[in-house]
């Protein structure tokens, strides 16, 4: 394989991987006969290495669990905000009956809207920060957050508020 192509393919890997294996891997690519299939395999491997780093040495990343990620404020605050919004709408039902739509939305509706809108920057921060570190756990937390948002929306649509 051409030296420029081998160097370019090696540059696809993360810095820690290149520091440890880069020179040897580049030499292997140069001396080995490789074509399109080898280049495609290297690209695929580099992508997987960026998502799931090789364990061992300096490259080892901490292993996060779903519960560990969920304990982060940027993970549980949006869920708590959705639960509070749900309780604002559903909480008074046992005492006052189902809510009735009026001309003025009222304080509860405004609080619900503020809680729903205030979640967006926190969710964006969480996604930006955690999807690279722990993609599987972050996707689980994002799914839980989406479920909490949808759950708080159900009574609003059910009672046509």
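Each reported figure results from applying straightforward, stated rules to the coordinates on display, with no laboratory input. What you are looking at is a predicted structure, and each value in this text was computed from that prediction instead of being measured. No Cβ is skipped: glycine too gets one built from the backbone with ideal geometry, and neighbour counts run over all protein chains shown.
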Requested in this report: Work out, in µm²/s and without decimals, the Stokes-Einstein translational diffusion coefficient of region 66-158 at 4 °C, 1.567 mPa s, Rh from Kirkwood over C-alpha pairs.
Outcome: 92
**Report entry** Average Cα contact separation per residue, the chain, under 8 Å, 6 or more apart, as relative contact order %
**Finding:** 26
Query raised in the report: How long is the gain from residue 151 to residue 84 if the chain were fully straight, where each residue apart is worth 0.36 nm and the alpha carbon distance is subtracted?
Result: 23.0 nm
Query raised in the report: Which percent of the Cα-Cα distances in region 3-59 go past 15 Å?
Result: 45
Query raised in the report: What FRET efficiency, computed as 1/(1 + (r/R0)^6) with R0 = 25 Å and r the Cβ-Cβ distance, is obtained for residue 117 and residue 72, rounded to the nearest 0.05?
Result: 0.75
Query - Estimated FRET transfer efficiency (residue 93, residue 160; beta-carbon r; R0 22 Å; 0.05) - result: 0.90
Report summary line: Cα-based Rg then Dmax for the chain, in Å, read 24.8, 79
